[in-house]
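Right, one structure below, let's go through it.
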Amino acid sequence: MPPPPGGAAPLPFVPGPPVPAGNVLTVEGTVAQVGDVVNLTLAFTPPPPPGVTPLPPVISNSTGTYEGYYVSGNESVFVFLVNPPLPGLGSAIALTQDGARVPTASGPEFLHTGVPDVCFLRGTMIDTPRGELPVEFLSVGDEVSVLEKGRLVFRTVAWVGSQSVFFDGSKADDDSFPVRIRCGAFRPGVPHRDLLVTSEHCVFVDGVLIPVRMLVNERSIVVERGMDAFEYFHVELDQHGILIAEGLETESYLDTGNRDRFRQQLDRDVAPKSWAEDAAAPLTVAREMVEPIWNRLASRAKAMNMPLVAEHVLTMEPELRLATWSGLVITPVSVEGRFHDFIVPVIEDTIWLRSRSARPSETVGRYVDDRRYLGVLVGRINILEGRHRSDYNTHLSVERLSGWHTLEAGTESRWTNGNASLSSLPLSADGRPVRVRIEVLAAGPYRRVVDGPTAFLSSGRHTSARVHKSRVMPI
């Protein structure tokens with residue numbers, strides 16, 4: 001599968017804007033995986049006492065350790081832990097690819113780690129003419145069994161790559177962890193032993209290739225959330241093919257441009273391939289094709305009395321509020337249908353629209369290939385002053401806006417990611433508070449966090465609040 005958005009290829013950083021006002025942060029280095037380190041330099045100008053000539057800037061040096069990324073609107077935001085902390089920045093920063101800083105409280109509940117590639121974990125048994133061999137024993141020139149037009153043939157291994165990864169599992173999303181396909185998950189004896197692969201690895205079922213993450217049912221196909229350190233292996237043939245791993249039909253490696261990220265037995269300089277032209281079978285992530293297969297495998301798992309290993313309580317309550325960098329939190333004074341009203345004082349701080357957020361792939365169903373963190377779907381925003389009403393349309397007219405996804409096609413509405421900027425919100429000119437009315441067209445479902453992982457780099461723990469509607473579903 002193609003790498004996750006913004007998190008796979010080495011990423012150059014350029015000097016960012018003044019952070020905070022009057023100070024300049026410079027970031028030097030590249031990141032390719034969690035744990036990579038960049039150099040940070042902050043030119044910090046302390047505020048002078050009254051009547052005193054401005055002081056020269058103080059240069060502070062530190063390092064930033066890459067923790068992962070999340071998607072905000074149309075761009076990826078990369079999170080670093082800073083050691084030692086920098087004046088005015090603290091122990092964490094979040095940067096866009098062009099080096100611009102965003103509030104560290106604006107991330108979603110979990111971070112992508114850039115881990116999910118298409119590969120087998122160490123110990124996976126691959127079928128060959130000599131019988132099954134552990135994937136780590138395969139070498140360039142070996143032959144492996146490949147399914148072609150319904151029959152097994154032997155093809156030569158052209159390239160083998162590997163990588164070791166480790167990350168903080170408490171801050172990672174499910175895509176970062178391996179997936180365990182239990183013995184017999186697909187049909188009797190298939191696989192004939194538990195198979196561990198990365199979440200983007202595709203299995204061949206009903207004539208198509210499907211990423212295994214979309215088939216997770218937490219019974220027969222489960223996310224191994226306890227595995228935050230592992231080694232994985234790629235096996236490439238001259239042509240993309242269907243290998244037999246632990247008796248199950250799965251894909252070989254398809255180089256879409258990320259070969260250089262892995263340890264290699266032998267350098268192989270060939271042009272990257274594509275899923276459209278070079279895949280051994282059609283790749284599908286369409287719900288109408290995946291959901292029936294998911295249902296079939298889930299029903300089989302239940303019939304086999306496989307226990308449900310994880311579940312979450314879901315809620316439709318978004319916990320909508322306004323907040324500022326300085327810590328001010330404003331809750332609605334009224335909620336009438338779609339409209340949430342807030343009384344907002346005149347402040348010079350940036351205002352953010354915050355809510356719970358969740359990925360449809362984890363709350364609606366794994367067979368949904370929408371991994372965006374969705375907060376609330378916002379329509380109109382109005383400023384009410386007495387009988388006067390003005391419209392705020394920035395979120396509907398500005399393409400790149402922090403915390404907002406792209407406009408919904410054919411509508412005047414836009415999803416937040418759970419922490420969306422309301423930049424240039426027009427407030428009262430005479431210093432009086434105004435009423436801000438926000439139209440919420442859709443919200444939820446969300447995972448209801450009672451205890452456990454909370455928002456990374458957030459200003460506080462999620463509150464339970466009131467739950468209008470709740471249900472329990474497999475993760």
Is there a residue being crowded, with 19+ Cβ neighbours inside 10 Å, among the polar types (S, T, N, Q) and either in a strand (DSSP E or B) or at pLDDT below 90 (or both) anywhere in the range 314-330?
-> yes
From 257, 247, grab the single residue that is surrounded by fewer than 23 Cβ atoms within 10 Å (Cβ to Cβ) and at pLDDT 95 or above.
-> 247
Considering each of 408, 412, 439 in turn, give the residue that is open to solvent by less than 20 Å² (accessible area, probe 1.4 Å), at pLDDT 90 or above and not hydrophobic (A, V, I, L, M, F, W, C).
-> 439
Assess whether residue 250 counts as being under 27 Å from the mean Cα position of the chain (by Cα) and assigned to a strand (DSSP E or B).
-> yes
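I need the full set of residues from the range 162-176 which are assigned to a loop (DSSP other than H, G, I, E, B) and open to solvent by 10 Å² or more (accessible area, probe 1.4 Å), in order please. Let's see the steps before the verdict.
First, the residues of the range 162-176 that are assigned to a loop (DSSP other than H, G, I, E, B): 167-168, 173.
Selection gives 167, 168.
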Pairs where the first residue, in the range 199-220, is over 15 Å from residue 252 (Cα atoms) and the second is modelled with pLDDT under 95 and hydroxyl-bearing (Ser, Thr, Tyr), C-beta under 8 Å, 6+ apart | 213/199; 213/361; 214/361
Name every residue in the range 262-295 that is surrounded by fewer than 13 Cβ atoms within 10 Å (Cβ to Cβ) and charged (D, E, K, R), in order of residue number.
-> 263, 267, 269, 277, 288
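Can you say whether residue 385 is within 28 Å of the chain's Cα centre (by Cα) and of a type in the set (D, E, K, R), as far as the supplied structure shows?
For residue 385, the condition - within 28 Å of the chain's Cα centre (by Cα) and of a type in the set (D, E, K, R) - is not met.
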Within the range 117-161, the count of residues that are open to solvent by 60 Å² or more (accessible area, probe 1.4 Å) and either more than 27 Å from residue 224 (Cβ to Cβ) or touching a Ser or Thr at 6+ places or on another chain (Cβ under 8 Å) (or both) comes to 11
Restricting attention to the range 263-275, does a residue exist that is of a type outside the set (S, T, N, Q), in a strand (DSSP E or B) and either over 27 Å from residue 193 (Cβ atoms) or at pLDDT 95 or above (or both)?
-> no
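Do you know which residues across the range 394-412 are under 19 Å from residue 332 (Cβ atoms) and part of a loop (DSSP other than H, G, I, E, B)?
Taking the range 394-412 as the starting set, the residues that turn out to be under 19 Å from residue 332 (Cβ atoms) are 395, 403.
If the condition is that a residue be under 19 Å from residue 332 (Cβ atoms) and part of a loop (DSSP other than H, G, I, E, B), then 403 is the only one that fits.
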Within the range 265-294, count every residue that is over 24 Å from the mean Cα position of the chain (by Cα) and touching a residue at least 24 places away in the same chain (Cβ under 8 Å).
-> 10
Kindly indicate the residue of the range 389-400 that is open to solvent by 20 Å² or more (accessible area, probe 1.4 Å) and farther than 16 Å from residue 342 by Cα and also farthest from the chain's Cα centre (by Cα) among those meeting that condition.
-> 393
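The values are calculated or read from the model by the stated rules, or taken from the named source; none is laboratory data. Treat the numbers as computed from the prediction; the structure is a model and nothing was measured. Note that we place each Cβ from the backbone using ideal geometry, even for glycine, and neighbour counts take in every protein chain shown. The area values use the complete protein model at the heavy-atom level, side chains included, leaving out ligands, DNA and RNA. Shrake-Rupley method; radii C 1.70, N 1.55, O 1.52, S 1.80 Å.
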